[in-house]
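One structure below.
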Amino acid sequence: MTFRGLLAVAALAALPITASAQTAAPAAPAPLHATKAEPFVYQPAAEVEALTHRADGKPQSAITSDHEYYYIEYVTRTVNKNSEAHGHWYDYIHVLSGEGTITYGGTQEGAHDTGDLEMRGGALTGGKTITLHPGDRLVVPPGLVHLFTATPGNTFTYLIFKQRV
């Protein structure tokens, strides 16, 4: 090869190499939530009372917002003997009225999986019990066995924000 030929090869080798194939544009990201955002909502106390109580005046629970990764529910308890543990949910709780207890930790006996790691039913043995009053706040992490119940002669109402993890 001549000196001119070597210079030509060196010059070609020094040129930047560019890709001739076009890459596809990235796909648009999927929406974060499958449900639409809620509009402004105002519910006077009488409407909330109607949600949380049946026509005969007995308490009931009511979900007010239900989304892919969270939901919000008013829960009213009377005496309850069934424990629960949520495999994928945090429970953020604010006690609204009445008096109740939470027993947490220990061992859940006789529960069954209702699907998606939701263990419900059965007794809770060996847990710690705290008496709850209006204004109290709790955080129950996923997997923690717990049991909410009203104290005898009371109705116990709380607002719960459940977040899926």
Quick one: if you stick a label point 7 Å off each Cα along the C-beta vector at Ile63 and Tyr92, how many nm between them?
1.9
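Quote the FRET efficiency, to the nearest 0.05, computed for His112 versus Val165 with a Förster distance R0 of 25 Å and r equal to the Cβ-Cβ distance.
It comes to 0.65.
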Enumerate the lysines that Lys128 could reach by cross-link, defined here as Cα to Cα under 25 Å, with residues fewer than 8 away along the same chain left out.
Lys81, Lys162
Name the long-range amide H neighbours of Val79: under 5 Å, sequence gap of 5 or more, or other chain; modelled H, no Pro or chain starts.
Ala150
Where the stretch 33-118 is the region considered: accessible area per residue in Å², 1.4 Å probe
61
In sequence order, what are the phi-derived ³J(HN,Hα) couplings for the stretch 120-128 according to the Karplus relation 6.51 cos²θ - 1.76 cosθ + 1.60 with θ = phi - 60°, rounded to whole Hz, with x for glycine and proline?
10, x, x, 8, 10, 10, x, x, 9
With every protein chain left in place and a probe of 1.4 Å, what is the accessible surface of Lys128, to the nearest 10 Å²?
120
Here the stretch 70-79 yields Karplus 3J(HN,Hα) values (6.51, -1.76, 1.60; θ = phi - 60°; whole Hz; Gly and Pro given as x) of 7, 8, 10, 9, 8, 10, 10, 10, 10, 5
What are the ³J(HN,Hα) values, in whole Hz, obtained from phi via the Karplus relation 6.51 cos²θ - 1.76 cosθ + 1.60 with θ = phi - 60°, for each residue of the stretch 155-165 in sequence order, with x given for Gly and Pro?
10, 10, 10, 9, 9, 10, 10, 9, 10, 7, 10
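The values are calculated or read from the model by the stated rules, or taken from the named source; none is laboratory data. Predicted model only: the values in this text are computed from it and were never measured. Here Cβ is always computed from backbone atoms with ideal geometry, including for glycine, and neighbour counts include all displayed protein chains. Ligands, DNA and RNA are excluded from the accessible area calculation, which covers all protein heavy atoms including side chains. Shrake-Rupley method; radii C 1.70, N 1.55, O 1.52, S 1.80 Å.
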